[in-house]
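Asks: Just passing along the structure, written as structure tokens.
The values are calculated or read from the model by the stated rules, or taken from the named source; none is laboratory data. None of the values given here were measured: they were computed from a predicted structure. Cβ sites come from the backbone with ideal geometry, for glycine too, and all protein chains shown count toward neighbours. Each accessible area value is taken on the protein alone, full model and side chains, heavy atoms only, with ligands, DNA and RNA left out. Shrake-Rupley method; radii C 1.70, N 1.55, O 1.52, S 1.80 Å.
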Amino acid sequence: MFKRWRNSHGFGVHSPFGYQLVERVIKCPKDYAYYAYADIDRCCRREHYSQSIASEAKMLLRLVCFLKPQSFYLPPDSGKMFQLALKKSNSNLRIVRNPAKADSCDIIATCGNDIPIDTLKDYISCPGKSILLKDVPESWSESLFETMKEGIMIRGKKNTILISRPEMQKISYQMYI
């Protein structure tokens, strides 16, 4: 538990890229707000989403602003809140909702077994690709990390972020996401 808390605050994260990811995306300062936070909060109230969904949408906004992808796979059953966060991060971002075309995107977000593990393994073995996992079997995160050649994995209890980054030592951190 201490190791998870420690890494969640950037302590013990020795990779400069990993530290920036923690500081700018995972644990963004409370007094710092992105321009789309108000839109996400309004959508949360209007659509009756929980605060945890709004928090996840805000983290997705920060992550997309940090990584600057050109395309993003968002599962077809995901709510308006996540699509709003993606569009507010970059109005030119191509959002793909068809699972058969997910591997053509820079980032894949998947929940459960929406996309088969073998497809994700092939995908993450390519440099410059990222996967966001939510509510998948714990073994999936480890299996995908083993498949990666280079990059970083940040794993929480329910969520995992995998970023295949060229010329980066392969490293894994556990933290509260």
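Asks: Could you give the alpha-carbon Rg of the chain over 2.2 N^0.38 Å, rounded to two decimals? Before the final figure, lay out each step's value.
Replies: Working: Rg = 15.4 Å, N = 177, 2.2 N^0.38 = 15.7 Å.
Taking the Cα Rg and dividing by 2.2 N^0.38 Å, one obtains 0.98.
Asks: Follow-up. Suppose the chain between Ser71 and Arg97 were pulled fully straight at 0.36 nm per residue; how much longer would it get relative to their current alpha carbon spacing?
Replies: Values: separation 26, 0.36 × 26 = 9.36 nm, distance 1.08 nm.
Computed gain between Ser71 and Arg97 is 8.3 nm.
Asks: In deg cm²/dmol, rounded to 500, what helix-only [θ] at 222 nm does the chain give when every DSSP H run of at least 4 residues adds -39500 (n - 2.57) and the total is split over its residues? Intermediate values should be presented prior to the final figure.
Replies: Values: 7 runs with 69 residues, N = 177.
So the calculated ellipticity at 222 nm is -11500 deg cm²/dmol.
Asks: Let me ask something else. Report the Rg/Rh value for the stretch 108-177, based on alpha-carbon coordinates and the Kirkwood definition of Rh.
Replies: 0.92
Asks: Let me ask something additional. Enumerate the amide H contacts of Val96 below 5 Å, restricted to partners 5 or more residues apart or on another chain; note that Pro and chain-start residues carry no placed amide H.
Replies: Residues meeting the amide H criterion: Phe72, Tyr73, Leu74.
Asks: Count the DSSP beta bridges whose two residues both fall in the chain, then state the antiparallel fraction as a percent rounded to the nearest 5.
Replies: Numbers: 9 of 23 bridges.
For the chain, the DSSP antiparallel bridge percentage is about 40.
Asks: Shifting gears a bit: How large is ³J(HN,Hα), in whole Hz, for each residue of the stretch 132-149 in order, when computed from phi with the Karplus curve 6.51 cos²θ - 1.76 cosθ + 1.60 and θ = phi - 60°, using x for Gly and Pro?
Replies: Once rounded to whole Hz, the list reads 10, 10, 9, 6, 10, x, 4, 5, 4, 4, 5, 5, 5, 5, 4, 6, 4, 8.
Asks: Separate question: Describe numerically, in nm with one decimal, the distance between label points set 7 Å from Cα along Cα→Cβ at Tyr176 and at Asn90.
Replies: Label at Tyr176, label at Asn90, 3.1 nm between them.
Asks: A further question follows. Over the chain, with the other protein chains present, what is the accessible area per residue in square angstrom, probe 1.4 angstrom?
Replies: On the way: 9480 Å² over 177 residues.
Solvent-accessible surface per residue comes out at 54 Å².
Asks: Can you give the extra length, in nm with one decimal, that the chain gains between Arg45 and Lys27 once fully stretched, where that is 0.36 nm per residue apart less the Cα-Cα distance? Numbers along the way, then the final one.
Replies: Working: separation 18, 0.36 × 18 = 6.48 nm, distance 2.34 nm.
In short, 4.1 nm is gained.
Asks: How far, in nm, would the chain grow between Tyr19 and Ala38 when pulled straight, counting 0.36 nm per residue and subtracting the alpha carbon separation? If you can, show how the numbers build up before the last one.
Replies: On the way: separation 19, 0.36 × 19 = 6.84 nm, distance 2.67 nm.
Separation in residues times 0.36 nm, less the Cα-Cα distance, equals 4.2 nm.
Asks: Then there is this: Find the relative contact order for the chain and round it to a whole percent, using C-alpha pairs within less than 8 Å whose residues are 6+ positions apart.
Replies: 19 percent
Asks: Same structure, new question: In the calculated pair distance distribution of the stretch 42-97, what percentage of Cα-Cα distances lie above 17 Å?
Replies: On the way: 492 of 1540 pairs.
The answer is 32 percent, as a whole percent.
Asks: Counting only protein heavy atoms and a 1.4 Å probe, tell me what percentage of the chain's accessible area is made up of carbon and sulfur. List each step's numbers first, then the result.
Replies: Numbers: 4840 of 9480 Å².
For the chain, the apolar C and S fraction of the accessible surface comes to 51 percent.
Asks: What shape does the stretch 138-177 have by the C-alpha gyration tensor, where a ≥ b ≥ c are the square roots of the eigenvalues, rounded means a/c under 1.5, and otherwise prolate means a/b greater than b/c and oblate the rest?
Replies: Oblate.
Asks: Which whole-number percentage describes the relative contact order of the stretch 100-177, with Cα contacts under 8 Å and a sequence gap of 6 or more? Don't skip to the answer; put the middle values down first.
Replies: Numbers: 150 pairs, mean separation 21.6, N = 78.
Computed over the stretch 100-177, the figure is 28 percent.
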